[in-house]
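The values are calculated or read from the model by the stated rules, or taken from the named source; none is laboratory data. No experiment lies behind these values; they were computed from the predicted model shown. Don't worry about glycine lacking a Cβ; one is built from the backbone with ideal geometry, like all the others, and counts go over all protein chains shown.
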Amino acid sequence: MKNTRKFRLSFITTLIILSLLISAFSPLVSAADYTSIYENNLRMRDDLKDIYGDGTSEETLELYKLPRYGKDEHDKEILELAQSITKDLETDYEKIRAVHDWVANNIWYDYDAINGDDATYSEDILGTRRGVCHDYALLCLDLLRAVGIPTKYINGLTYGYEGFSGTFDVESFAWTDNNIHNKRHAWCESYADGRWIVFDATWDSNNTYEYGEYSLQSVCESYYFDISLVNISMDHIYSGYGNYTDIHSELTVPDGFTNIADYSFLAKNGDYFKEQSRYLTKINLPESIVSIGEYAFGNCINLAEMIIPKNVEYIGFAAFWQCLNLKNIEIPESVKNIDAAAFESCESLTEIIIPDSVESIGIGAFWGCVSLEKTTLSNNLDYISDGLFSYCKNLTEITIPNSVEYTGIEVFWECTGLEKVVLSNNLRYISDKLFAYCENLTDIKIPRSVTGIGEYAFYACKNLKEIKIPENIQSIEYAAFSDCTGLSGGKIYIPESVTEIGEYAFGGTYNITIYGKAGSYAEEYANLNENFHLTFVEGYPPADYLADLPANWAKSDINRAAWLDLVPENLMMNFGTAATRSEFCSLAVTIYETITGSEITDRKSFDDTDNTDVEKAAAIGVVNGVGNNNFDPDGKLTREQAATMLSRLADVIGKQFPENETKFDDKDIISEYAVQAVGGAEAAGIMNGTGDNKFSPKGAYTREQSIITILRMYDFLNSVG
C-alpha cells in the first residue's frame, strides 16, 4: 500500500498531534484508538516471541539471515548488488540505511499493478525496477540478508489518511468499508546495535510508475527509517512476521474487522502479496468477523490451525479451498450459509460437524476431502447440493437429516469407503449418480417417500447385496443399478407402482429373481430382459425364517411384512405360538417409527422389564402397566389388548380408527376399556372375528396374527382419507 502523506514524529510531537486530532476530528480519530493500535503492535511483537524466541538470541538472528524459501545460498545478482551498496560501510546500521535508500531511490512504485491485473513479480524487480510494497520489502530483505544482517518481513495493514487507506472508524476500530482486502502492507525490521530497526522503504520512496511511465519526483525520504513503534502505529498495524525460511508462520487479524474479503489470503505463486500465504500455519481471527469471502484462505497449503469466530454467518466460495493440512475445523452455530467448494480438497480434514444453524451448503463444499471420516449435517437443510462429498474416500457412514427432500447429483460420487447410509424419511427422489462408485456400500434403506431412482444412482456399488424398492416408487432410470455385481443371484421385489424401468437398470448383474404382481410392469421388464438372466416370480420374496414356516394362509402377508421391515427378526419363527405383550410392543414401535420416520426417544420405565420397545411404547401412550409399576412383559397378549394398543397407536400417529359399535355376539364380555377399540379395529379392517360372529376378546393372539394385523395397520395408515 503506497502512502501519499509522510511525516516523521517525535514521541512528544506525536502526543501533540494526537491531541489536535482528538479535538479536530472526533469521533473519527482519537488518542485512545491510536493507543489501542500501538498496544496491538506491541502485543504482536510479544506474541511472536513464543514462535521465534525473544528476537535477539543467536539462533533467532541466524534464522533471519537465511535466504528465502529454504535456498542454500543467496542469488548471485542479489549478493553482488548488496556488496556494492554496502561497500566501505563499517556498521550494520549504516548498511541498513544504505539498502533502504538504494531501494527507495531505485525502485518505482507500480500503480498500474496495484490498480489492475498486471502484477509485478518480486523476481523481476531488478529487471523492471518497479513493484509494490511486497516487492520493496522482499528486496530489502534479500539484500540485507545477503550481507549477513538479520531482517524480518512484516505483514501488516495501513489506515488513517484519505488517499491511501480509506477512513478509519474509531468507535468500531475498523475501516468504514469493513474490509481487509486492499489494505494490506509490508515493511521490514533489521537487527543492528542490539535492537530491531523498523523501516518502510515503500513509503519513503518518491518514485512512481503509472500509465506505463516512470516518474522521479525527488530523492527518497527518511520519515519511515528507524521509526519508533509509537510513531509507526499512527498508520501501520502489525498482523504477522514472515521469516521466509520455512513454513512456520502465524498471522493475527486485528479486532474490529467484520469481513475477510475475497482472495484476502489466497496463496498464489508469483503474486506480489499472496505467495507468502502458502507459508502460514496458523491464522487468528477476531470475534468481530461475520463473513469469510471467496478464496479467502484458498491454497494456504500449510494452514493447520484456525478457529472460525462465533459470529461468522457466511463462509464463501472456496474459502478454504486446498488447505491441505487443515485437520479440524469447527463450524460455529452462527453460520447460516456455506458456499460452494468452501472446503474443497482439504485433504487432511477428518471430521466436520454442521450445526443446525446452517440452512444451505453449496456445490462440492467438501469435494475431495479424502481423509474425512465423520460428518454430521444440519437438521435445517432441505437440499443436499451436487457433489457435496464426492471423493471423500474415507467417509464410512452418514445420516441425511429428515429435513432434506431433494439432493443434487453425484453427492457421494466415488466415496469408496462408504458402507452405511441413512436417508431422510422425507426424501422424494434418489438423484442421478448419487452413490455411483460407492463400491463398499452394503447398508441402505430407500425410504417410502421416494418416488423415483435416477440414472446411475447406484452404479458400480459392487458390494450392495440387497435393495428393497418401496411401494411408492414409480420409475427406475437408466443404469440405476448397473454393475452392482453383488445383486447377482439375489432377489428384488418391484412394486406395482413402478411403471418405468430404464435400459440397463440392472446391467452387469445376472440371475436376479424379480418378484412382483402378475401382469405388472415388473413382469414385463423381466421378460424383456431375459438376456440378463432375469426371472419373474409372482408375489413377495420369501422371508428369511429362523425356524418353522407360517401357515399357508399367512405366508404371503408375512413375506410382505418382512420385506417392508415391519417384523423384528426374533419374531420370524414359532408363528403359531401366542404373542406376548412385549412382542406386540416391538411390532407397534416398528410401525410407529416406520410411518413417522423418527425414532422414539422418550422412555417410561417399569420395575419388571428393561425392554426398550416396552419403554418406548409406554412413553408414547400406546400401552399401560398392569399395576404397581409392573408391565408383565411375558404375559400372553389377548385380542382385546391388541385392539386397544392398535387404537392408541392410530391416535398417536394421527389417523384415528373410525367410530363403530361392534356387532359381535360376544361383545358383552369385552372389557369396558376395549369396547371402542374393538369396534374401531373392526371398522378399519384391521381385526376380524374368530368365527361364528365372535371376537373372542380374552383369547390369545398368535405371532402370525399379530404380524398380519400390523401389516393391515401399515396399509390403513398409508391409505388416503
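Assorted remarks:
- Close pairs (7 angstrom Cβ cut-off, 6 or more residues apart or separate chains): on the phi > 0 side of the Ramachandran plot in segment 191-205, at pLDDT 95 or above and assigned to a helix (DSSP H, G or I) anywhere: Asp193/Tyr93
- Residue count, segment 469-511 (criterion: touching a His at 6+ places or on another chain (Cβ under 8 Å) and hydroxyl-bearing (Ser, Thr, Tyr)): 1
- Among residues of segment 423-437 being over 15 Å from Ala479 (Cα atoms) and not polar (S, T, N, Q), the one that is surrounded by the fewest Cβ atoms within 10 Å (Cβ to Cβ) is Arg428.
- Being in contact (Cβ under 8 Å) with a residue 40 or more places away in the chain and polar (S, T, N, Q) is a property that does not hold for Ser605.
- Segment 627-675, residues that are free of Cβ contacts under 8 Å to residues at least 24 places away in the same chain, within 17 Å of Gly689 (Cβ to Cβ) and either in contact with a Gly (Cβ under 8 Å, 6 or more places away or on another chain) or of a type outside the set (A, V, I, L, M) (or both): Asn660, Glu661, Asp668
- Considering segment 157-187, and only residues there that are under 24 Å from Trp108 (Cα atoms), assigned to a strand (DSSP E or B) and touching a Gly at 6+ places or on another chain (Cβ under 8 Å), the residue that is modelled with the lowest pLDDT turns out to be Arg184.
- For segment 621-642, the set of residues classified as closer than 25 Å to Asn426 by Cβ and either surrounded by 19 or more Cβ atoms within 10 Å (Cβ to Cβ) or not assigned by TED's automatic domain parsing to the domain that holds Val567 (or both) consists of Val622 only.
- Look at (1) at pLDDT 80 or above; (2) assigned to a helix (DSSP H, G or I) and you find that Gly148 fails only one, number (2).
- A count restricted to segment 438-463 and to residues that are surrounded by 23 or more Cβ atoms within 10 Å (Cβ to Cβ), over 22 Å from the mean Cα position of the chain (by Cα) and under 28 Å from Glu347 (Cα atoms) stands at 5.
- In segment 196-224, the residues that are under 47 Å from the mean Cα position of the chain (by Cα) and not in a loop (DSSP other than H, G, I, E, B): Trp196, Ile197, Val198, Phe199, Ala201, Thr202, Trp203, Asp204, Thr208, Tyr209, Glu210
- Looking at Ala562, Ala547, Ala518, Ala551, just one residue is surrounded by 16 or more Cβ atoms within 10 Å (Cβ to Cβ) and not acidic (Asp, Glu), and that residue is Ala562.
- Test: residue in segment 98-106 that is within 18 Å of Asp200 (Cβ to Cβ) and either at pLDDT below 90 or among the basic types (Lys, Arg) (or both): no
- Subset of segment 511-561 [touching a residue at least 12 places away in the same chain (Cβ under 8 Å), hydrophobic (A, V, I, L, M, F, W, C) and outside any loop (DSSP other than H, G, I, E, B)]: Ile514, Ala522, Ala526, Phe532, Phe536, Val537, Ala554, Ile558, Ala561
Residue by residue, here is whether (1) closer than 13 Å to Asp634 by Cα; (2) out of contact with any Phe, Trp or Tyr (no Cβ under 8 Å at 6 or more places or on another chain) holds:
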residue	(1), (2)
Asn570	no, yes
Phe575	no, yes
Thr590	no, yes
Thr594	no, no
Thr601	no, yes
Asp610	yes, yes
Val614	yes, no
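- Where Asn693 falls short, out of the listed (1) farther than 25 Å from Leu571 by Cβ; (2) in contact with a helix residue (DSSP H, G or I) (Cβ under 9 Å, 6 or more places away or on another chain): (2)
- Identity of the residue in segment 659-706, of a type in the set (D, E, K, R) and assigned to a helix (DSSP H, G or I), that ends up surrounded by the fewest Cβ atoms within 10 Å (Cβ to Cβ): Glu672
- Top-ranked residue in segment 303-351 [being polar (S, T, N, Q) and more than 13 Å from the chain's Cα centre (by Cα); ranked as surrounded by the most Cβ atoms within 10 Å (Cβ to Cβ)]: Gln322
- Test: residue in segment 429-442 that is of a type in the set (Val, Ile, Thr) and closer than 19 Å to Gly502 by Cβ: yes
- Meets criteria (modelled with pLDDT under 90 and either in contact with a Leu (Cβ under 9 Å, 6 or more places away or on another chain) or under 16 Å from Ile467 (Cα atoms) (or both)) for Asp544: yes
- Restricting attention to segment 340-371, the residues being farther than 17 Å from Pro309 by Cα and touching a Ser or Thr at 6+ places or on another chain (Cβ under 9 Å) number 20.
- Tally, over segment 394-413, of residues that are assigned to a loop (DSSP other than H, G, I, E, B) and surrounded by fewer than 19 Cβ atoms within 10 Å (Cβ to Cβ): 6
- Scan of segment 342-389 for residues that are outside any strand (DSSP E or B), closer than 17 Å to Phe317 by Cα and polar (S, T, N, Q), ordered by number: Ser345, Ser385
- Of the residues examined, Val335 is not one that is closer than 21 Å to Glu373 by Cβ and part of a loop (DSSP other than H, G, I, E, B).
- For segment 648-658, filtering for residues that are buried (at least 20 other Cβ atoms within 10 Å of the Cβ) and either in a loop (DSSP other than H, G, I, E, B) or among the aromatic types (Phe, Trp, Tyr) (or both) leaves 1.
- Enumeration of residues in segment 425-436 that are modelled with pLDDT of 95 or more and either part of a loop (DSSP other than H, G, I, E, B) or among the β-branched types (Val, Ile, Thr) (or both): Leu427, Arg428, Ile430, Ser431, Asp432, Lys433, Leu434, Phe435, Ala436
- Odd one out for Met645, checked against (1) of a type outside the set (D, E, K, R); (2) under 44 Å from the mean Cα position of the chain (by Cα); (3) surrounded by fewer than 17 Cβ atoms within 10 Å (Cβ to Cβ): (3)
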